[in-house]
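Structure record follows, encoded as structure tokens.
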Amino acid sequence: DGGITQSPKYLFRKEGQNVTLSCEQNLNHDAMYWYRQDPGQGLRLIYYSQIVNDFQKGDIAEGYSVSREKKESFPLTVTSAQKNPTAFYLCASSIFAGTGNYGYTFGSGTRLTVV
Amino acid sequence: AQSVTQLDSHVSVSEGTPVLLRCNYSSSYSPSLFWYVQHPNKGLQLLLKYTSAATLVKGINGFEAEFKKSETSFHLTKPSAHMSDAAEYFCVVSDSGAGSYQLTFGKGTKLSVIP
């Protein structure tokens, strides 16, 4: 079945540590996105990529980094510069980069906790 | 600029009674509108979408929504609530202007279903 796979499901980070969240899709979608979800705040866009080897900052990119070396993969690194990283992270993809008309397909999320 | 307001952060209904989740939007262009559902610790699943075709949109699990341009609303309804409907629901807007790529999410409405 086609879909988006996020791993790990749960992740714990120590202070000052970088961690990487994985996102892989086999839908042949052009665009991929990373969102952060906090209780009562909806989803906020961290980074997005419309094409391989290109990505753009979203609304809350500080403290995060991404890469898009393959169409199928869009990993997110939470760096030590992100002061409040505890949240639920969602990866999504869409058919066309230039329109939202088709909606997004979401992964099942990664819950990151700072310990 | 686009925005979306979900008018209730929490809605509680009895099983078998109707569900109404309210959403108002603001958009500079002809919008695409979506409703997503999220069960605890899961990703988001697309319920239905409006993309300038019929104003009454039918989705999965018996949900439907009506696009009312004059009221800038896109309320989600279901005739009879089921226990499995208990989840969080997000109203989402996307401008259909040139180059539009981004979805804007509401802050969510948590639906509780009382047995």
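Here is how the numbers come out for the structure above:
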{"item": "So residue A:86, is it at the interface with another protein chain (Cβ under 9 Å from one of its Cβ atoms) and out of contact with any Phe, Trp or Tyr (no Cβ under 9 Å at 6 or more places or on another chain)", "result": "no"}
{"item": "All positions within segment B:34-49 that are free of Cβ contacts under 8 Å to residues at least 40 places away in the same chain and under 10 Å from the mean Cα position of the chain (by Cα)", "result": "B:46, B:48, B:49"}
{"item": "Residue A:88 under 20 Å from residue B:39 (Cα atoms) and among the hydrophobic types (A, V, I, L, M, F, W, C)", "result": "yes"}
{"item": "Any hit, segment B:99-111, residues being of a type in the set (A, V, I, L, M, F, W, C), more than 14 Å from chain A (Cβ to nearest Cβ) and under 23 Å from residue A:109 (Cα atoms)", "result": "yes"}
{"item": "Which listed residue, of B:20, B:46, is under 24 Å from residue A:6 (Cα atoms), surrounded by fewer than 19 Cβ atoms within 10 Å (Cβ to Cβ) and of a type in the set (A, V, I, L, M)", "result": "B:46"}
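Residue by residue, here is whether (1) among the β-branched types (Val, Ile, Thr); (2) in contact with a His (Cβ under 8 Å, 6 or more places away or on another chain); (3) in contact (Cβ under 8 Å) with a residue 40 or more places away in the chain; (4) in a strand (DSSP E or B) holds:
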| position | (1), (2), (3), (4) |
| --- | --- |
| A:11 | no, no, yes, yes |
| A:27 | no, no, yes, no |
| A:34 | no, no, yes, yes |
| A:62 | no, no, no, no |
| A:77 | yes, no, yes, yes |
| A:82 | no, no, no, no |
| A:93 | no, yes, yes, yes |
| A:103 | no, no, no, no |
| A:108 | no, no, yes, no |
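Since every read-out is calculated from the coordinates, none of them should be taken as a lab result. As the structure is a computational prediction, the values presented were derived from the model and not from experiment. Heads up, the Cβs are rebuilt from the backbone with ideal geometry, glycines too, and the neighbour counts pull from every protein chain shown.
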